[in-house]
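Read the structure below first, then the notes.
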Amino acid sequence: MSMPIIGQVLATELRPSTPHAFHFWTGREAGAGIGTIVRVEAEARVIFGVVTEAFAWSDLARPLDAVIGADGDPASTGDAPTERVEMRLWTAAVLRQLPEQPVQPVPLGPVTLATDADVRLALRMESYTEGDDARGIPIGLYAAGGTGSPVLLDADFLLGPEAAHFNITGVSGLATKTSAVTFLLSSLFQRFPASKGTVAAVCFNVKGPDLCFLDQPAPLGEADLALWHRLGLSPTPFTDFTLHAPYKADGINLNTLRSHPDLAAQVEPLVWGLREILDFAEVVLNRDDVDAKAGALLDFLAERVVGKEFVAPELRDRPFVVESFADLDALFRAIFDFLETQSRGGEVWRTHHVATIRKVRNRLGNVATRSKGLVTDDGAVGDLPWGRFRDRSVTVVDVAGVDPLAQDLVFARVISRLREHLERRDLGVDHVVVFVDELNKYAATDGAETYVKRMLLDLSERGRYLGLVLFSAQQFRSQVLRRVVGNAGTTVYGRMDSDELALPGYATLPPAVKARLAALPKGELLVRHPHFTHPVFVRFPRPPMLSGREGVERFPAAADLPFAEAVVLRLRRHDPTISREAVQAAISGRPEDEVRRAIGAVARERPGEVLEFFRACLRRVIPAEPTAPPAGIRPLAHDGDDPFAPY
Amino acid sequence: MTDVAFAALRRRLQLGGGRPAQQVTDAARARDDTPRIRVAEVMEPPLRAIRCPAPTPWGAPVAFLDGIQRTELLGSVGTEPLVAARIAAGVRCRTDRLLEGAVHRVSHVVVGRPEALDVLGTLSPGWQAIPLTEDLEPHPYAIRDAARAAIDRARMGLELEVARRFRETDREAWLLVDGTLTSSPDWATDPRMIGLVKSHTTLPFTGDDLERYLTLPVGHRSSAYMPPTRSVTPIHAFGLRLWPFAGRDLLHGLLRVERAPTASALVEADLIAARLFAERAPLANDPRADRLLYGIHAVERWLGAIA
């Protein structure tokens, strides 16, 4: 279908056509706008361009002439019998020329709006959306020209190996960053070719309930449903969804806003022990802390002590078995006791200075305190399903309510483990998308060099070779490490802050595009992708799952349960028939740490007889036996004559 | 900047032994700009300033007619100059406040003494040679002025042609012409044509009448009068002050409006004056904007772009 001519290319000495840009004029009702894709066909060539700038002017010589002509009354301007001649001039950036060679300036010729087929050609989509190796991932509809043409990303440039990573920037609340990412994940899961391997997503929920309800369907309006269908996608929430959250400080209630009883089945505790923490001690110790001496001690602990029988006759006769922070602290206390008894060399234990030992003990102790709920002291570990990740599964790690130190620890460990497993190809899937929001916090240009920052850098620079892909979001791209955002093959902008757009980092965007970005409605994005010569505006549908706000309204978070009730609930997850009375009788009068340890053992062992096993894990109570009061000893014989006798 | 369309002619002139030159000439110089006074007959005595009523719609489409010319010295053969020109005329019609081109004609002419024109040989299609009379004095200025007058006439011919073609398709539209209606008997008798004359080289009154005429307040017209020199094609005219002249030349904003001397011409003078007064806006982007209506200006600009 040929489109009507809406304009003509013009080239003057002051506004010449070049191989990468051209100008055209239109009437006032042309249907063109910023972001519109147009087609020019002339001289046996076809040129596709995207409108990046627009101008209009009339033949008014001076502003004062308008005032004079209207006798100073603006309202009378419309009464003039003739309308002034008005110019609509558009600047377009060349998206593609066919044939591609030789590269020539755009010829003078008629301009038409792009059709669906034109959009496919203009964005070079035909190379990856057709044929046996079709691998297009819908990102939205190109809507600026009124055609609603689907725009697809190349999976090879989204998940690798050609390029990888996805980054979105936009102001909070209006840029629909989370919605865009969840939509793209849904699109990716539906359209990622099976021939390219398996894929799963690990999303870090860092604020509120944002990502807590991705498995819960949300009603969509007709317009959104039409968008979904136009994109060839099914509007369904994620079906394979698991949320991992650490406990609160009480060690029994989960620290997540997805705590409604109806949704408990998809929620798993995230609990790590000393072993897990010690491997990432660098995360919790800042650079000043981890000097060579502290590092050596940590290495010593990791290699020789934790998880092993550590024999130290100078400290005590029997060996140390360090499985928990409490065990480790006992070792430290023994070392300090030992050193205090030394008259000479009382400052060094096995080449480690007492000050270093005290510092490491202090920092590790802080971790256990500040990350209480995430870090367990009972040896029971709840972790992500390493080696058992399923294709098209979404795993949300909810760290919204935990201490920043614990958040860092979670990021670092999860990403490291993902990388390790992907290197060994034993994760369960071939590709993992890691979604991290708030890069302004975790990969800021300023601030201290953190382990998390290094992890994100490493992920963005080397992750694609492993199949580890970063989907990231932030409010201010200019304040995120350039190497993190710069490595994103696909970059997307939602509604942007004007101050941010004024920074030099956005100099490549034309002023009109910036102006549009500053007022972009919800659901629209500017997409930059390696195949697209220039970024294009797209509209994407609302995701078919509950947003965080909707989720907490429909599934309000359950109130924290009293300790005993929480224990009942935890045990009933393994055996719903367990009675409350039986559990309460078992734990009555026992220390909470002991009960937690027993619950951890149940979770770890998953026994057949849950209650029996639970009871067995509690310390045996020896019944008290009444004893008769001592009968006393008869006094010695009284000697009344002895004045010094005691009696 | 010279017109590239004349380059081929200059090459021919050089090949024919002439001396090519490049100089844009003043198109208006050939016109009769001699100031004079020709006392007119007042048709609405006494001569006075009459306030224009509130404007009312034209009641029919309005069209604007104008012509343009671009004249250049092509060069000389011996001592005799050859002058070339690109001339055009057109009509733009207004519908729903928007102007659209209705009719236009473009022509290229080269003017000179016959023997000078012979040097150019046979002209390309689209070019017209206009030979000057043999008895012209061989003074270069005399030839040049005569050439310009011939170009003026050629342009006038185009204007007459486009007006005729426009009238063939639309008899109802008001046709506002840049210049006098006396150029053609057809124009001078067309009740729906209005001549808008910006030039005041010929004034119609003397003494106190002239002062009254030249000091018309803004928004006023003069009494209608009949110029005396129009015996062949009589017309009615009146002065109309579009813009105040205070602090400026007395002629600033003063337009001479001509109409066919029909029975209704005097009756409708107020109405026509009011309608024309409303045409002050929008203001034309032109130094002559005080007397040049936007519609006429738009035709000039259009012709300049397409010719």
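Values in this text are rule-based calculations from the coordinates and carry no lab data. Remember, it's a predicted structure, so these values are computed and weren't measured experimentally. Backbone-built Cβ (ideal geometry, glycine too); neighbour counts: all protein chains shown.
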TODO: Towards the positive end of the charge dipole of the protein assembly as shown, with charges on Cβ (+1 Lys, Arg; -1 Asp, Glu), say which of A:Gly523, A:Ala143, A:Phe613 has the farthest Cα.
DONE: A:Ala143
Task: Point-to-point label distance, A:Glu323-A:Glu612, nm (Cα→Cβ direction, 7 Å offset) - done: 2.2 nm
TODO: Answer rounded, prolate or oblate for the stretch A:116-183, using the Cα gyration tensor with square roots of eigenvalues a ≥ b ≥ c: rounded when a/c is under 1.5, else prolate when a/b is larger than b/c, else oblate.
DONE: oblate
Task: Backbone HN-Hα couplings from phi across the stretch A:154-166 [Karplus 6.51/-1.76/1.60, Hz, Gly and Pro as x] - done: 8, 4, 5, 9, 9, 10, x, x, 5, 8, 7, 6, 9
Task: FRET efficiency estimate (nearest 0.05) - Cβ-Cβ, A:Asp133 to A:Ala519, R0 51 angstrom - done: 0.85
TODO: Name the residue farthest towards the positive end of the dipole of the stretch B:107-160 from the options B:Ala149, B:Pro138, B:Leu117, assuming +1 on Cβ of Lys and Arg, -1 on Cβ of Asp and Glu, about the Cα centre.
DONE: B:Ala149
- [ ] Considering Cα pairs under 8 angstrom that are at least six residues apart, work out the relative contact order of the stretch B:208-261 and quote it in whole percent.
- [x] 33 percent
Open item on the list: Give me, ordered by chain and number, the residues 5 or more places off A:Val396 or on other chains with an amide H under 5 Å from its own placed amide H.
Closed with: A:Cys203, A:Thr242, A:Leu243, A:His244
Task: Estimated FRET transfer efficiency (A:Gln8, B:Ala246; beta-carbon r; R0 30 Å; 0.05) - done: 0.05
TODO: Output the Cα-based Rg and Dmax of the stretch B:5-142 in Å, rounding Rg to one decimal and Dmax to a whole number.
DONE: 21.9, 65
Task: Spin-label model distance (nm) - B:Asp186 vs B:Gln22, 7 Å beyond Cα toward Cβ - done: 3.9 nm
- [ ] Taking H placed 1.01 Å from N in the peptide plane, check which residues at least 5 places from B:Ile194 or on another chain put their amide H under 5 Å from its amide H.
- [x] B:Leu175, B:Leu176, B:Val177
Task: Radius ratio Rg over Rh of the stretch B:66-153, counting only Cα atoms, Kirkwood formula for Rh - done: 1.13
Task: Relative contact order of chain A, pairs being alpha-carbon contacts under 8 Å that are 6 or more residues apart, as % - done: 19 percent
Task: Whole-Hz ³J(HN,Hα) from phi, Karplus 6.51 cos²θ - 1.76 cosθ + 1.60, for the stretch A:583-588, glycine and proline x - done: 5, 4, 5, 5, 9, 4
Task: P(r) weight above 23 Å for chain B, C-alpha pairs, percent - done: 59 percent
TODO: Taking all pairs of distinct Cα atoms, average 1/r, flip it, and tell me the Kirkwood hydrodynamic radius of the stretch A:119-261 in Å to one decimal place.
DONE: 17.3 Å
Open item on the list: Within 10 Å of each Cβ in B:284-290, how many Cβ atoms from other chains are there, averaged over the peptide?
Closed with: 3
Open item on the list: Greater than 19 Å separation of Cα atoms is the criterion. Which listed pairs, A:Lys177/A:Lys372; A:Lys177/A:Lys441; A:Lys177/A:Lys207, meet it?
Closed with: A:Lys177/A:Lys372
Open item on the list: What does DSSP give for the stretch B:89-155 in terms of the percent of beta bridges that are antiparallel, rounded to the nearest 5?
Closed with: 60 percent
- [ ] Kindly express, to the nearest 10 degrees and within the range 0 to 90, the angle between helix A:325-341's C-alpha long axis and the longest C-alpha principal axis of chain A.
- [x] 60 degrees
- [ ] Using Cα positions and a limit of under 18 Å, work out the aspartates and glutamates in reach of A:Lys293, with same-chain residues fewer than 8 apart set aside.
- [x] A:Asp279, A:Glu282, A:Glu303, A:Glu347
Task: Theoretical gain in end-to-end length, A:His229 to A:Glu162 [0.36 nm per residue, Cα-Cα removed] - done: 21.2 nm
Task: Computed over the stretch B:1-150: relative contact order in percent, which uses C-alpha pairs under 8 Å that are six or more apart - done: 23 percent
- [ ] Give the span of the stretch B:198-307's Cα atoms along each principal axis, as three whole-Å numbers ordered largest to smallest.
- [x] 40, 35, 25
Task: the protein assembly as shown - Rg (one decimal) and Dmax (whole number), Cα, Å - done: 46.4, 186
Task: Packing rank of A:384-391, A:448-455, A:9-16, A:437-444, where each peptide gets the mean count of other beta carbons within 10 Å, highest leading - done: A:437-444, A:448-455, A:384-391, A:9-16
Task: Inter-probe distance in nm under a simple model that places probes 7 Å from Cα toward Cβ, at A:Glu347 and B:Asp118 - done: 12.4 nm
Task: Angle between chain A longest axis and helix A:451-466 axis [Cα atoms, degrees, rounded to 10] - done: 60 degrees
TODO: First obtain the Kirkwood hydrodynamic radius of the stretch B:135-238 from its Cα pairs, then insert it into the Stokes-Einstein equation at 25 °C and 0.890 mPa s, and state the resulting D in µm² per second as a whole number.
DONE: 151 µm²/s
- [ ] Please state the charge dipole magnitude for the protein assembly as shown, taken about the Cα centre, from unit charges on C-beta atoms (+1 on K and R, -1 on D and E), reported in debye and rounded to the nearest 20.
- [x] 1420 debye
Task: 5 angstrom amide H check on B:His220, placed H, neighbours 5+ away - done: B:Cys52, B:Arg241
Open item on the list: How compact is the stretch A:409-508 by the rule of thumb for globular proteins, expressed as Cα Rg over 2.2 N^0.38 Å?
Closed with: 1.14
Open item on the list: Which log10 I(q)/I(0) values does the stretch A:22-111 give at q = 0.12, 0.22, 0.26 Å⁻¹ under the Debye formula, counting every alpha carbon as one identical point scatterer?
Closed with: -0.51, -1.02, -1.25
Task: Shape category assigned to the stretch A:1-158 from the gyration tensor of Cα positions, a/c cut at 1.5 - done: prolate
Task: Whole-percent pair-distance distribution, where bins are 5 Å wide, for the alpha carbons of the stretch A:87-202 - done: 2, 9, 16, 19, 17, 16, 11, 7, 3, 1, 0
Task: Sites A:Gln104 and A:Thr577, calculated FRET efficiency, Cβ-Cβ separation with R0 56 Å, nearest 0.05 - done: 0.10
Task: Residue-by-residue Karplus 3J(HN,Hα) for the stretch A:239-247, coefficients 6.51, -1.76, 1.60, Hz, glycine and proline x - done: 8, 10, 10, 9, 10, 10, 9, x, 7
- [ ] Please pull out the direction-averaged projected area of the stretch A:195-301, using the convex hull of its alpha-carbon atoms, in nm² to one decimal place.
- [x] 11.9 nm²
Open item on the list: Could you work out the pair-distance distribution P(r) of the stretch A:244-389 from its alpha-carbon pairs, with 5 angstrom bin width and percents rounded to whole numbers?
Closed with: 2, 9, 17, 19, 18, 13, 9, 6, 4, 3, 1, 0, 0
Open item on the list: Compute the helix-to-body angle for B:269-278: its Cα long axis versus the longest principal axis of chain B, expressed 0 to 90° and rounded to tens.
Closed with: 70 degrees
Task: Paramagnetic reach from B:Leu98 (point 7 Å along Cα→Cβ, amide N under 19 Å) across the stretch A:36-53 - done: none
Open item on the list: Is the C-alpha gyration tensor of the stretch A:500-647 telling us rounded, prolate or oblate? Criteria: a/c under 1.5 is rounded; beyond that, a/b larger than b/c is prolate, otherwise oblate.
Closed with: prolate
TODO: Starting from the Cα of A:Tyr465, step 7 Å toward the Cβ, then list every residue of the stretch A:406-436 with an amide N under 11 Å from that point.
DONE: none
